[in-house]
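Worksheet for the structure shown next.
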Amino acid sequence: MIIFDANILISLATMEESELTYDRLMGLLQDLIASKTVIGVPAPAWAEFLCGTDIATSPVVMGLRKKSAIRILPFDEVAAFEAAFIHRGAMAIGKKKGAAKAPWQQVKIDRQILAIARQNQVSTIYTDDENMILEASRLGILTVQSKDIPLKQKQTSLDFSGLESQEAFGSGVGGI
């Protein structure tokens, strides 16, 4: 299972199809769906995404909700205990905010998302949030930014590799 943070969903719902980030995200989605990888969306990230009514009804997101590819992950009792452990770990090193430089409210939400990730044994979090990346790194959770997702190749020219010489075309042009 992987996790999408709210900013990834917002990008999917609001970007133009001509943008490279959109291409990267759509290619990733195709790969994840083809490999039947579950895409988890922590409830706090889902709430952040839904705050914008226009983007919440995006055809991309509505299509994903119809598939079994996306699962909304709750912040439940187990995740609350995990968030407390994350907080205590930050306090043990003497920094209430840990590695983050964000306002305290954002740090608390990020910790909820990270607690959900740990609870669900997530392999990767896709996010463009620098503070989330810092906190995840402190906890040993792999993050990937949208700019680091490889672009899928598009056919922009014909591939003639493997055609060593003109002999590959038969007897030649015009019987020469």
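Are any of the residues in segment 95-114 closer than 20 Å to residue 1 by Cα, of a type in the set (A, V, I, L, M), in a loop (DSSP other than H, G, I, E, B) and touching a strand residue (DSSP E or B) at 6+ places or on another chain (Cβ under 6 Å)?
no
Could you list, in sequence order, all residues of segment 115-150 that are touching a residue at least 40 places away in the same chain (Cβ under 8 Å), assigned to a helix (DSSP H, G or I) and under 13 Å from the mean Cα position of the chain (by Cα)?
Correct list: 117, 132, 146, 147.
Looking at segment 157-172, can you tell me whether even one residue there is surrounded by fewer than 14 Cβ atoms within 10 Å (Cβ to Cβ), of a type outside the set (A, V, I, L, M, F, W, C) and at pLDDT 90 or above?
No: zero hits.
Of the residues in segment 80-100, how many are crowded, with 16+ Cβ neighbours inside 10 Å and modelled with pLDDT of 90 or more?
4
Of everything in segment 122-154 that's out of contact with any Asp or Glu (no Cβ under 8 Å at 6 or more places or on another chain) and either over 24 Å from residue 12 (Cβ atoms) or small (Gly, Ala, Ser) (or both), which residue is modelled with the lowest pLDDT?
138
The values are calculated or read from the model by the stated rules, or taken from the named source; none is laboratory data. Please read all numbers here as calculations on a predicted model, not as lab measurements. Neighbour counts are summed over all protein chains in view; Cβ atoms, including those assigned to glycine, are modelled from backbone coordinates with ideal geometry.
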